[in-house]
Amino acid sequence: MNPPESVIIFGSKGFLGSYISDAYDLNTQAYNCFRDTTGNLIVVGKDYKAKTYPYGLGSIRDIILEFNPRIVFNTIAMIDFEFCEQNPKLAFHANADIPKTIAEATALAGSKMIQFSTDSVFEQTGKNFTEEDTPSPKSIYGISKLMGENNVRLHNLNSLIIRTNFVGFHKTKKTLFNYFYENFMSMNICKGYKNVKFNPLYIKDLVSGAKSMSELELRGIIHFCGTETISKYEYGIKILEQLNLPKSMILAGNIGTDKFERLKKRDLTLKSTFRENIYKSNYDIDLGIKDALTIAEEGNYGI
């Protein structure tokens, strides 16, 4: 049997992974898995001495079968849009092959798998996509993430795929909040897209909700998003307002039509009445920004 409290978090040094890891900080049976600076896989726990594995799909499989976790969170993803377009093999490895391997291994171990996906699995036009809408991505990022979803659903029936769009601070990662915050704190004028709409979820709500849903008998695909829709330009304005800085520090821009930008979605909104019935958010956009500013000042998250 799977130990009742055992959890593995793959990608625990990333933006989302680090917050999930923190949520299980007191759990002595929670294990973090990440790649170190030499490229090896490291597994470490609260009361567990770090163990090193050579990087590869085989090692990922071996780790799951060795630790026999009850729940596995996969936060590994290649999300850089242009990099994915320029390096499709790497994108499909991270976004499709790794989820497949984790799904196969968790099925063998009898573990529940939580896979995180994206609004980018839908086509360029349309808005407020629901779980019942048919994905039709055009970008390598979207196509590879959809393949990852399909691999997970095919190989582990006891899996939950969470499509989301989230915001927050991380010490080392390139987040939307970081982009605005770092420019504003350096008194640099920056650009925010007025023609890109989204309904972001604050990262602590995403982690709290995902942790709660992992304990429920939920399977398949669920959309986990915020309830407020704004543009990325308006999101930057909200950060300026809380920093008491002039709105002139952000310029209104629009996504263009070059070979990369034409593949980006202008409306990133998702819809899920089901999610709203099982989880009530603790943060609206303004409260999320306030909390992210506090964390940024303290520098708590990230290595």
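Could you tell me whether residue 204 is farther than 21 Å from residue 253 by Cα, in contact with a Phe, Trp or Tyr (Cβ under 9 Å, 6 or more places away or on another chain) and in a loop (DSSP other than H, G, I, E, B)? Spelling it out, it is not the case that residue 204 is farther than 21 Å from residue 253 by Cα, in contact with a Phe, Trp or Tyr (Cβ under 9 Å, 6 or more places away or on another chain) and in a loop (DSSP other than H, G, I, E, B).
In this structure, residue 116 does not satisfy being among the aromatic types (Phe, Trp, Tyr) and either surrounded by fewer than 22 Cβ atoms within 10 Å (Cβ to Cβ) or part of a helix (DSSP H, G or I) (or both). For the structure I just gave you, tell me whether residue 273 is closer than 21 Å to residue 79 by Cα, modelled with pLDDT under 95, surrounded by fewer than 17 Cβ atoms within 10 Å (Cβ to Cβ) and polar (S, T, N, Q). No.
Identify all residues within the range 1-17 that are on the phi > 0 side of the Ramachandran plot and among the polar types (S, T, N, Q); write none if there are none. Result: no residue meets the conditions. Collect the residues in the range 44-68 that are in contact with a Phe, Trp or Tyr (Cβ under 8 Å, 6 or more places away or on another chain) and assigned to a helix (DSSP H, G or I), keeping them in residue-number order. Hits for the range 44-68 are 59, 60, 62, 63, 67. Residue 238 meets all of the listed conditions (1) among the basic types (Lys, Arg); (2) under 17 Å from the mean Cα position of the chain (by Cα); (3) at pLDDT 95 or above but one, namely (2). Of the candidates 198, 274, 224, the single residue that is touching a residue at least 24 places away in the same chain (Cβ under 8 Å) and either basic (Lys, Arg) or out of contact with any Leu (no Cβ under 7 Å at 6 or more places or on another chain) (or both) is 274.
Applying the condition of being of a type outside the set (Ser, Thr, Tyr) and under 19 Å from residue 296 (Cβ atoms) to the range 10-19 and asking which residue is nearest to the chain's Cα centre (by Cα) yields 16.
The values are calculated or read from the model by the stated rules, or taken from the named source; none is laboratory data. Remember, predicted model here, so these are calculated numbers, not experimental data. Note that we place each Cβ from the backbone using ideal geometry, even for glycine, and neighbour counts take in every protein chain shown.
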